[in-house]
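> Following this message is one structure expressed as structure tokens.
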Amino acid sequence: MLQNSESPLAEFGAVRVALEQITNKWSVLILTVLCAEPSRFNAIKRRLDPITHKALTEALRRLERNGLVDRRVIASSPVAVEYSITPLGRSLQNPFASLVTWAASHGHKVEEAQIAYDQKSA
């Protein structure tokens with residue numbers, strides 16, 4: 001995979017950029033919500049409490065820019081916006097489901113490790 005004198009990390013350039021876009025703090029959770037069904041902004045916000053309005057707006061814009069989420073304005077009074085997953089975003093459903101399952105199964109071990117580390121460091 002490495003070519004001649006390339007940096008060992010050079011091959012990960014495009015991968016790193018893609019991972020930074022989809023694995024930030026809220027992206028995985030937003031995409032998990034939208035995999036279930038299209039949702040309006042406030043419904044997503046309620047599901048992901050305590051996400052702030054600003055953080056949700058920024059994350060949805062980034063996901064839309066990256067082709068993972070579609071944004072649809074609904075002509076109503078007041079105007080509503082609905083977000084849905086794109087086919088590209090849907091392709092992340094299985095990896096994200098695996099990640100969420102792992103976190104549910106092993107989250108307590110991570111917490112235990114953090115406590116042990118903190119006690120050692122104190």
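FYI, it's all coordinate maths here, none of it is from the lab. Model, not experiment: these values are computed from the prediction. Glycine also receives a Cβ, built like all others from the backbone with ideal geometry; neighbour counts cover every protein chain displayed.
> Nearest 10 degrees is fine. How inclined is helix 13-22 to the longest principal axis of the chain, computing both from alpha carbons?
Between helix and principal axis, roughly 50 degrees.
> In degrees from 0 to 90, rounded to the nearest 10, what is the angle of the helix 27-36 Cα long axis to the longest principal axis of the chain?
That helix lies at roughly 50 degrees to the long axis.
> With an 8 Å Cα cut-off and a minimum separation of 6 or more residues, compute the relative contact order for region 12-121 in percent.
Over region 12-121, the number comes to 25 percent.
> Hey, of (1) 188; (2) 172; (3) 161, which did the structure itself give for volume of the Cα convex hull per residue in Å³ when calculated?
Entry (2).
> Give a residue-ordered list of calculated ³J(HN,Hα) values for region 39-48 (Karplus: 6.51 cos²θ - 1.76 cosθ + 1.60, θ = phi - 60°; whole Hz; x for Gly, Pro).
These are the phi-based 3J(HN,Hα) values: 9, 7, 3, 5, 5, 5, 4, 4, 5, 9 Hz.
> Can you sort ASP49, ASP70 so the residue with the fewest Cβ neighbours within 10 Å comes first?
Placing the least packed residue first, the sequence is ASP49, ASP70.
> Could you give the angle, 0 to 90 degrees to the nearest 10, between helix 53-65's Cα long axis and the longest principal axis of the Cα atoms of the chain?
80 degrees
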